[in-house]
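Reviewing the structure listed below.
The values are calculated or read from the model by the stated rules, or taken from the named source; none is laboratory data. Note that the structure is predicted; figures quoted are calculated from it, not measured. We place every Cβ from the backbone using ideal geometry, glycine too, and count neighbours over all the protein chains shown. Note: accessible area is taken over every heavy atom of the protein model, side chains too, but ligands, DNA and RNA are not part of it. Shrake-Rupley method; radii C 1.70, N 1.55, O 1.52, S 1.80 Å.
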Protein chains: 2
Amino acid sequence: MDGDTRDKIREVALELFSTRGFDQTSLREIAERVGLTKASLYYHYSSKQALLSAIVAPLVDGWQEVLDFASNQPHTPAAVRDVLARILDVMLDNRSLVGIFMRDPAGVVAAAESIWQDMIDMGNQLATWLAGPAPTTAEQLRAIAAMEVLGAALSASAYLKEEVSDEEMREVLLDSALGAMRL
Amino acid sequence: MDGDTRDKIREVALELFSTRGFDQTSLREIAERVGLTKASLYYHYSSKQALLSAIVAPLVDGWQEVLDFASNQPHTPAAVRDVLARILDVMLDNRSLVGIFMRDPAGVVAAAESIWQDMIDMGNQLATWLAGPAPTTAEQLRAIAAMEVLGAALSASAYLKEEVSDEEMREVLLDSALGAMRL
DNA sequence: GTCTATAATGGGATAGAC
DNA sequence: GTCTATCCCATTATAGAC
């Protein structure tokens, strides 16, 4: 039962990808930290892209759940609030994972365009739902803006000196996102 | 007077950096499009980093102007609106330039950390001003959120099928950013 | 100012022994 | 499962002729 090594590789890669960036992280560096050689990594993951896919899977699943939930909701203010809250929860629960996409979108696109496309598609569908049925251009823009607000949960740490609790982030950013939609 | 070539190089590099990403764009590719060889680029720019610096200068200047303006304003709702509008204008006037930082933050950091740090610092100072004097944590978060909303001006094109006019963007996103601050 | 040629480095990935 | 050794490739950057 040596899924241990596989997991360890994933953990180390996640940390490096999300801080340094995907492209700026070499397999040599990952292997070094895990305590292996580059070649041994290839026993566990067939390529750098495969490693990224494995790491990113939980986030994709998380978005998908929110999307499934949203699809079964009528577009009421209460439901919008609920969906935004769930999106925010996924972001907070997968902070470093989301960080990979924010730190190095270009690198992810270059290495695994399909993964990136999946994320864009899901973001698109969420924004579409948020905008409501037959939305005006303004409503679409506001929906996108609301989602951008939730991204502040991640950039905040770069801008703020003091730590902010997840509870406060949840509360403030949810209200802020609703404000961006003028709800 | 062959600043022509220098300018042409800058133009091509800007386009490639902002679409493919800084790190994903090789000097060979730039040279090819300009109609030169790689070696000739080095006659005009001493390194890839120097090329980036030259490209990025106008954006740095733009932010600085907004910052100077804000510093001389009292923190009233009208002034907040004004400053947000100016930030948005800078973003719209330098769309592809801002795109460089959004597409490949990690690559920029790796190649020119000081440039990145300058941008972060300026963003920080703008957010600090927006948050107002002696702000609560919530107010700081809302200020960051408001700035993120303005970033929607750039991500919008990835999410929307139809073109949106700059005027509509200006109007809607400005109001949306104010909404994020509950103003 | 632009070229050809080449150095120097580092990356992802594979072969094959153990 | 992990290792050593190597391949292959692209990149940034430089040297020197024209």
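Annotations for the structure displayed:
- Note on region A:1-75 and region B:14-81: Cα centroid distance 32 Å, given to the nearest whole angstrom.
- Take the Cα radius of gyration of region A:108-159 and divide it by 2.2 N^0.38 Å, N being the number of residues; the result is 1.35.
- Inter-chain Cβ neighbour count for B:21-28, averaged per residue, equals 3 (cutoff 10 Å, partner chain atoms only).
- Label separation (A:R95 vs A:D118): 2.5 nm, computed from points 7 Å beyond Cα along the C-beta direction.
- Gain on full extension, evaluated as 0.36 nm per residue between B:L183 and B:T128 minus their Cα-Cα distance, stands at 18.1 nm.
- Region B:3-180 - Kirkwood radius from inverse mean 1/r over Cα pairs (Å): 17.5
- For the protein assembly as shown, taking Cα atoms only, Rg and Dmax work out to 21.2, 70 Å respectively.
- Using θ = phi - 60° in the Karplus curve 6.51 cos²θ - 1.76 cosθ + 1.60, the 3J(HN,Hα) couplings for region A:124-133 round to 4, 5, 5, 4, 4, 5, 4, 5, x, x Hz; x is entered for Gly and Pro.
- Average partner coverage of B:102-114, which counts Cβ from other chains inside 10 Å: 5
- Solvent-accessible area, 1.4 Å probe, carbon plus sulfur percent, for region A:32-161: 52
- Using C-alpha pairs under 8 Å with a sequence gap of at least 6, the mean separation divided by the residue count of chain A gives a relative contact order of 24 percent.
- Counting only other chain Cβ atoms within 10 Å of each residue's Cβ, the peptide A:166-173 averages 3.
- Heavy-atom accessible surface that A and B bury in contact, both chains counted, 1.4 Å, Å² to 100: 3600
- Label-point gap, in nm, between A:T136 and B:D82 - each point 7 angstrom along Cα→Cβ: 2.8
- Ellipticity estimate at 222 nm from DSSP helix runs (n ≥ 4, -39,500 (n - 2.57)) divided over chain B, nearest 500: -26000 deg cm²/dmol
- The residues of region A:3-180 have, on average, 45 Å² of accessible surface per residue, using a 1.4 Å probe with all protein chains present.
- Solvent-free Debye calculation, one equal scatterer per alpha-carbon of region A:15-82: log10 I(q)/I(0) at 0.15, 0.27 Å⁻¹ equals -0.62, -1.20.
- Residue-wise HN-Hα coupling along region A:44-61, computed from phi with Karplus coefficients 6.51, -1.76, 1.60 (Hz; x: Gly, Pro): 8, 9, 6, 6, 5, 5, 4, 4, 4, 4, 4, 5, 7, 3, x, 5, 4, 4
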